[in-house]
Amino acid sequence: MKITSLLPFITTAITFVFVFLVLQRYTRRRGIYLLVWGIGLILYGLGTFAEAYSTLEWNPTIFRLWYICGAMLTAAWLGQGTIYLLVRRKVGAFRLADILGGALLVLSLVAIAVMFATPLNAAAFQTTKPLSDQYREIMLSTAPRAFTPIFNIYGTLGLVGGAIYSSYIFWRKRVLPNRVLGNILIALGGLSPALGGTLSRLGTTEFLYLSELVGAVVMFTGFILATSQVPAPQTAGVELAQTT
Amino acid sequence: MEENEARKRELARKRASLYMPSGSVLYDRVVPAVLVLLALGLGIIMLIVVGVVLRIIPYS
């Protein structure tokens, strides 16, 4: 087994520890953004698990799971978590974040249905090649690929853009340095698989697994740093209480 | 008495951790530069993705 084939196994293990911590925080604090981040991270972990499994043998359901979780939905759901945290605007009687969340849910279900309806060419599969290097030969329809950029652009802008924005806000107010640095790490961690995926689209596939591992580790570190305990602010106003 | 002093020092340290230290190179120079670079990186990746979708950049 090549060393790069081990990377998705390590990424999966790290991601599920991350999932546990985020969902544990959700059970204590009840913010919907934590639940949606948890869902996004479960998708991340399932995507890397499918990559890991595919270094061992072919399984059509695992392949579909990889495309749905790893290629299509992860970034979008992580980004949606950040949108729940940051977007407070209302459109009529509804919160904009809820409208976007509802649209994401519907589009995700449609994309899953399309992916399960797509015929696969098992003969094109090789355990020695990364899935990102061979999925176009395996999928006999291009329909699922139409969804991928929509999810990924929305998710990356939400997750990375949101983390950069949060970091900038704290930096401008000169408060909570742990959240400034934590959000920088979350943005870096979000950019890493986005860069790996972009390089993969341009034909350079060998960095994808590494970029996912780096992304998981750096986002995890950022989350730990951003949520590390600081005493409740007594002089800095209400805004400080309304943070990660 | 000593315990009280230690608790006060700990509280002061924790309160200080709420705010960025003034005159810090990390927060005055490095952080804004990194934020600009991150925003540029995000913009470039988004441009490439949009370029690939619109077939301006060939899909490999």
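Throughout, read-outs are computed from the coordinates displayed, never taken from laboratory work. If you're wondering where the values come from, they're calculated on a predicted model, not measured in any experiment. Note: ideal-geometry Cβ built from the backbone for every residue, glycine included; neighbour counts use all protein chains shown.
Quick notes on this one:
- Think of region A:1-65 as having a plus end and a minus end, set by charges on the Cβ of Lys, Arg, Asp and Glu; of A:50, A:27, A:60, A:27 sits farthest toward the positive end of this dipole.
- Dipole of the protein assembly as shown, positive end: most advanced residue of A:139, A:73, A:200 [Cβ charges, Cα centre]: A:73
- Phi-derived couplings, Karplus 6.51 cos²θ - 1.76 cosθ + 1.60 at θ = phi - 60°, listed residue by residue for region B:26-41: 4, 7, 7, 10, 5, 4, x, 5, 5, 4, 5, 4, 4, 5, 5, x Hz, with x used for Gly and Pro.
- Phi angles of region A:46-56 translate, via the Karplus equation with coefficients 6.51, -1.76, 1.60 and θ = phi - 60°, into HN-Hα couplings of 5, x, 6, 4, 4, 4, 4, 4, 6, 7, 9 Hz per residue; Gly and Pro are given as x.
- Counting every other Cβ atom within 10 Å of each residue's Cβ, A:77, A:171 order from fewest to most as A:171, A:77.
- Local electrostatic count at residue A:5 - Lys and Arg +1, Asp and Glu -1, tallied over other residues with Cβ under 14 Å: -3
- Exposure proxy order (Cβ contacts within 10 Å, fewest to most) of A:33, A:165: A:165, A:33
- Among the chymotrypsin sites (Phe, Trp or Tyr not before Pro) within chain B, those in coil by DSSP and having at most 14 neighbouring Cβ atoms inside 10 Å are B:59.
- Long-range Cα-Cα pairs in the protein assembly as shown (distance over 35 Å), rounded percent: 23 percent
- Summing charges over all other residues whose Cβ lies under 15 Å from the Cβ of residue A:105, with Lys and Arg as +1 and Asp and Glu as -1, gives 0.
- Distance between modelled label sites at residue A:90 and residue A:3, nm, 7 Å Cα→Cβ extension: 5.7 nm
- Against chain A, whose longest principal axis is taken from its Cα atoms, helix A:74-86 shows a tilt of about 10°.
- FRET efficiency, 1/(1 + (r/R0)^6) with R0 25 Å, evaluated for residue A:32 and residue A:61 via beta carbons: 0.25
- Using θ = phi - 60° and Karplus 6.51 cos²θ - 1.76 cosθ + 1.60, couplings along region A:23-37 (whole Hz; Gly, Pro as x): 6, 5, 5, 4, 5, 8, 10, 6, x, 4, 4, 5, 5, 5, 4
- Here's how it looks for residue A:175: its modeled amide H is under 5 Å from those of B:20, which are all 5 or more places away or on a different chain.
- Global size of chain B as Cα Rg and Dmax, reported in angstrom: 23.0, 73
- Reported to the nearest whole Å, the Cα centre-to-centre distance from region A:79-150 to region A:1-34 is 20.
- 15 Å beta-carbon shell around residue A:37, net charge (K/R +1, D/E -1): +4
- Angle in degrees between helix A:96-117 and the longest Cα principal axis of chain A, rounded to the nearest 10: 10 degrees
- The mean count of C-beta atoms from other chains within 10 Å of the C-beta of residues in B:36-46, rounded to a whole number, is 6.
- Residue order, fewest to most surrounding Cβ atoms within 10 angstrom, among A:99, A:68, A:169, B:56: B:56, A:99, A:169, A:68
- Cα-based helix-to-principal-axis angle, A:162-173 vs chain A, degrees rounded to 10: 20 degrees
- Principal axis analysis of the Cα atoms in region A:6-156 yields extents of 52, 32, 20 Å, listed in decreasing size.
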